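Structure first, commentary second.
What follows is calculated from the coordinates using simple rules that are stated; it is not laboratory data. All of these numbers come straight from a predicted model, not from anything done at the bench. Here the Cβ is made from the backbone with ideal geometry for all residues, glycine too, and neighbour counts use every protein chain on show.
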Amino acid sequence: MDDLLAARLQMAFSLGFHIIFAAIGVAMPFLMAAAHALHLLGRGPGYRTLTKAWSRGVAIFFAVGAVSGTALSFELGLLWPRFMEHAGPIIGMPFSWEGTAFFLEAIAIGIFLYGWGRVRPWTHWASGLVTGIAGVASAFFVICANGWMNSPAGFDWNGGDPVNIDPWAAMFNDAAFLQGLHMVVAAFQAVGFGVAGIHAGLYLRTRYAIHRQGVMIAFVMAALASIAQPIVGDFAAKSVARRQPVKLAAMEALFDTQARAPLLIGGLPDAAAARTEYAIELPGMLSFLAHGEFSAVVKGLKDFPREDWPPVLITHLAFQLMVGVGGLLLAVSLAGVLLLWRKPEKFFSPGMLRLLVLCAPLGFLAIEAGWTVTEVGRQPWIIQGLLRTSEALTPRPGIVFTFAVYLGLYLFLAAVVTLLMSRQVQALHRELAGRSEGEIP
Amino acid sequence: MSWTRLAIELFLAASLVFYVLFAGADFGAGILELFRGSRRSDEQQRLVSHAMAPVWEANHVWLVLAVVILFMGFPVIYTTASTYLFLPLVAILVGVVARGTAFTFRHYDTLTRRYYRAYSGVFAWSSLWTAFFLGTVPAALMLGRIDPSASGFSALFLDSWLNPFGAVMGVFTCCLFSFLASLYLSGETRDEELRAIFRRRAAFACGAMVLAGGGVFVTAELSGLPLLGEFFAHPLSVACFIVATALLVPFWFNLRRRGNVTIERVLAAAIVALVLLGWFAVQYPVAIRMAEPITFERAAAPEATLRALLGALVVGILLILPALLYLLKVFKWETLEREG
């Protein structure tokens, strides 16, 4: 394995690992705050147990997310020093805001997790909410920096050296807002479905009412996010079409520039032969989705120099996966909302619950796929159009070795966290079983 | 002279000092678990968990702040260090990840004794490991053996930190952190016997720290770095050196007499902060000593960036400080008042 590939894989694994924990850190506090509010409003003793059970999970995920995030802040320099040297002064600002948000998040979560009986109830509740708000802010700030890599702004590129730096313009680049919104909504979606699915499975097995409450709260969040996501996603795709036409072409596996460009469903692009096989074509749909008109011209990959193409197969498949999962989660959300509206008693039927169980990992899968689209679709550039990933690579040898260390550590951690979560559930069930029937709502 | 840059340098210095004073003590608590002996050893561990759990994540963020200041404000320092000191940095990161997760897992996953011991082991050993490597980094920045023009893996990536001076600095850092931890912990309990245990540990750690500190100067001289002379060449570092040494006297007196715990903790924190400040004074305005030294001035980002960074830091600190004080008030001061 060459150093560049090893470095890219190390970055991909680190980010892919961290994003799961980051998404949970963004969305989970809101679920916790909802359950906590219901408890404080006196809607039943189960909500207190649920809040505490969720907060134990949050504590574990937050700790892993915090330390893996710290590792990332070093890894940028450890792997891509040339990138950081140029990019730091331009795009460091959202990171410094992110530092503040992360700090507030860490403080608020400390108060929330250990504040039971120590701070006043609604102050305590507020600390949970602040954790979530700071998490959302963190996500936005970090994505401002990533957006800048896709849509560089706020400087002039003077033969490889950035001059006339304007950190504010860099932070509020064209990609930042939509990318950030897309990710935050995705976090709500993934965590909502993840939590709803887990509690649905547990409810099927145990019939504890607390799991019904868990499904309900999480499903509301999941459904709201899933219905919003196609709209946000559409805006995000239009923004990519405008800013990074080559990325859009790779996402859609479009080789030839054309008017009335078709939207492909499925299909295996073959970059060497410059054509896509086995796809269902919807004529004109891509033109409409990308530019708002069925007759609009969409640029194909052949319009760009071959050495600037991203890996088409990976980008296209990841994009299809993300959109497919998004569509599925939208359908499940609409079905669930319809059930709750027309036949609420059917919502907790085994069929619906099993469907939710199946959906549990899908949102996270879509997040991973989406980041694959963003990052692989930007290749071969680390800063779109300006600095190639290969030019940013550290000169040190042995990246394969550090990649192996990180990979081993993260895989081990993932296994331990999974084990811990299952044990948390067992502990919760023991706690519930230990109570008299009357206490369980 | 850029005032913006100076203000940012002060923020950087402050976040490093706070990182050592708060997170350093968390590492120290882990190290102390390795030396907890058999007497009331479970209670010692429980005290560590109890003291650290609500605050360790916030303590840890000071490092993130320092890293962010470096890569936005002084990117060349950040990229040079992360290229040529990648081995100790990777070691630190592995340690940070292992320690944080093991500590949390121990707190939330205490179903069986066996797991508790495994998590505790990882927590304690990774605390020692991380603290040691944390010490090798400033050693490399001081010693000046980072040489981008060298050839060969060892000359580029090992020689700058893997040497007697680096090793002694690593040990010194471990002692420093344990010293802080033992005093903070002795103040976290009202149990006189437990407090006495941690005070004995503090006396031991203090002795070890002074010895290792002497070792730092000796190995520096042997490595061709006239560190003692440099300390005495700069008025600020002389002052820090003398005051820190002088403070050891009331500290030691208080410790022997079993006086006020809070005074002890404040004195210990002051001694450690002075050690750091003294080092900053010796090192400044250079950040990385090498053939062509990297100064803060040379490494600084353009003025527009520095101004934006300073703005973010000022707003950030205005948001963080009240929250942080509230956190400490709830979990540190009020606990003492209630239990006291």
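Projecting label points 7 angstrom from Cα along Cα→Cβ for A:ARG423 and A:ARG354 puts them 3.3 nm apart. Helix check for chain B. Which DSSP H runs span at least 15 Å along their own axis by Cα, with a mean Kyte-Doolittle hydropathy no less than 0.0? Span-like helices, by this rule, are B:3-18, B:56-73, B:86-108, B:113-143, B:164-186, B:192-222, B:235-257, B:261-283, B:303-328.
Helix check for chain A. Which DSSP H runs span at least 18 Å along their own axis by Cα, with a mean Kyte-Doolittle hydropathy no less than -1.0? Mind showing how you got there, number by number?
Details: long enough: A:3-40 (55 Å, 1.44); A:46-79 (48 Å, 0.84); A:81-114 (42 Å, 0.79); A:121-150 (44 Å, 0.84); A:176-206 (44 Å, 1.15); A:209-243 (50 Å, 0.83); A:312-342 (45 Å, 1.88); A:362-376 (20 Å, 1.12); A:399-433 (51 Å, 1.35).
Flagged H segments are A:3-40, A:46-79, A:81-114, A:121-150, A:176-206, A:209-243, A:312-342, A:362-376, A:399-433.
Suppose the Debye formula is applied to equal point scatterers at every Cα of chain B; what is log10 I(q)/I(0) at q = 0.09, 0.13 Å⁻¹? Listed by q, the Debye log ratios stand at -0.49, -1.05.
Using Cβ point charges alone (K and R +1, D and E -1), the dipole size of the protein assembly as shown about the Cα centre works out to roughly 2700 debye. Extending each Cα 7 Å along its Cβ direction at A:LEU224 and A:ARG207, get the distance between those two points in nm, one decimal. According to this spin-label approximation, the distance is 3.3 nm. Counting only DSSP beta bridges with both residues in the protein assembly as shown, the antiparallel share comes to about 95 percent. Since only A:ILE109, A:LEU4, A:ALA34 are under comparison, the one whose Cα sits farthest along the positive direction of the charge dipole of chain A, derived from C-beta charges on Lys, Arg, Asp and Glu, is A:ALA34. Measuring from a point 7 Å past the Cα of B:HIS234 along Cα-to-C-beta, which residues in the range B:4-30 have an amide N at less than 20 Å? Counting backbone N atoms under 20 Å from the label point, the list is B:4-21.
Suppose every Lys and Arg Cβ carries +1 and every Asp and Glu Cβ carries -1, with no other charges. What dipole size does chain A come out with about its Cα centre, to the nearest 20 debye?
Numbers: 30 positive and 27 negative charges, 382 e Å.
With Lys and Arg at +1 and Asp and Glu at -1, about 1840 debye.
In chain B, taking the dipole from charged Cβ atoms about the Cα centre, the farthest positive-side position among B:PHE251, B:LEU277, B:PHE177 is held by B:PHE251.
Using a Förster distance of 22 Å, how high is the FRET efficiency between B:VAL218 and B:LEU248, based on the Cβ-Cβ distance and rounded to 0.05?
Values: r = 19 Å, r/R0 = 0.86.
It comes out at approximately 0.70.
Annotation: lysines with alpha-carbon distance below 17 angstrom to A:LYS247 (same-chain offsets under eight excluded): A:LYS238, A:LYS299, A:LYS302.
Would you mind computing the Rg to Rh ratio of chain A from its alpha-carbon coordinates, Kirkwood style for Rh? List each step's numbers first, then the result.
Details: Rg = 23.0 Å, Rh = 23.2 Å.
Answer for chain A: 0.99.
Excluding B:ALA23 itself, calculate the net charge of residues whose Cβ lies under 11 Å from the Cβ of B:ALA23, where each Lys or Arg counts +1 and each Asp or Glu counts -1.
Details: positive: B:ARG99; negative: B:ASP26, B:GLU57.
Computed value for this residue: -1.
Estimate the FRET efficiency between B:LYS329 and B:LEU162 by the formula 1/(1 + (r/R0)^6), using the beta-carbon distance for r and 45 Å for R0, to the nearest 0.05. All intermediate terms of the calculation are to be shown ahead of the outcome.
On the way: r = 44 Å, r/R0 = 0.97.
For B:LYS329 and B:LEU162, the calculated efficiency is 0.55.
Here's how it looks for B:ALA287: its modeled amide H is under 5 Å from those of B:ILE294, B:THR295, B:PHE296, which are all 5 or more places away or on a different chain. Counting only other chain Cβ atoms within 10 Å of each residue's Cβ, the peptide A:336-345 averages 0. Just how many % of Cα pairs in the protein assembly as shown lie over 41 Å apart, if you round to the nearest whole percent? Everything past 41 Å amounts to 35 percent. Summarising the amide proton neighbourhood of A:TRP381: residues at separation of 5 or more, or on other chains, whose placed amide H is nearer than 5 Å comprise A:THR389.
Does the range A:116-180 classify as rounded, prolate or oblate by the C-alpha gyration tensor (a ≥ b ≥ c root eigenvalues; a/c under 1.5 gives rounded; else a/b over b/c gives prolate, otherwise oblate)? All intermediate terms of the calculation are to be shown ahead of the outcome.
Working: a/c = 5.19, a/b = 3.49, b/c = 1.48.
The shape class here is prolate.
Quick one: if the Förster radius is 35 Å, what FRET efficiency do A:TRP168 and B:GLU292 give, using the C-beta to C-beta distance and rounding to 0.05? Show your work: numbers first, answer last.
On the way: r = 33 Å, r/R0 = 0.95.
About 0.60, to the nearest 0.05.
Between A:ASP270 and A:ARG275, A:THR276, A:GLU277, the built amide H atoms are under 5 Å apart, and every one of these is 5 or more places off in sequence or on another chain. Compute the signed sum of charges (Lys and Arg +1, Asp and Glu -1) over the other residues within less than 12 Å, Cβ to Cβ, of A:THR402. It works out to a net charge of -1.
Compute, for the range B:1-63, the length of the dipole vector about the Cα centre, with Cβ point charges of +1 (Lys, Arg) and -1 (Asp, Glu) only. Units Debye, rounded to 20.
Values: 5 positive and 6 negative charges, 29 e Å.
Result for the range B:1-63 is approximately 140 debye, rounded to the nearest 20.
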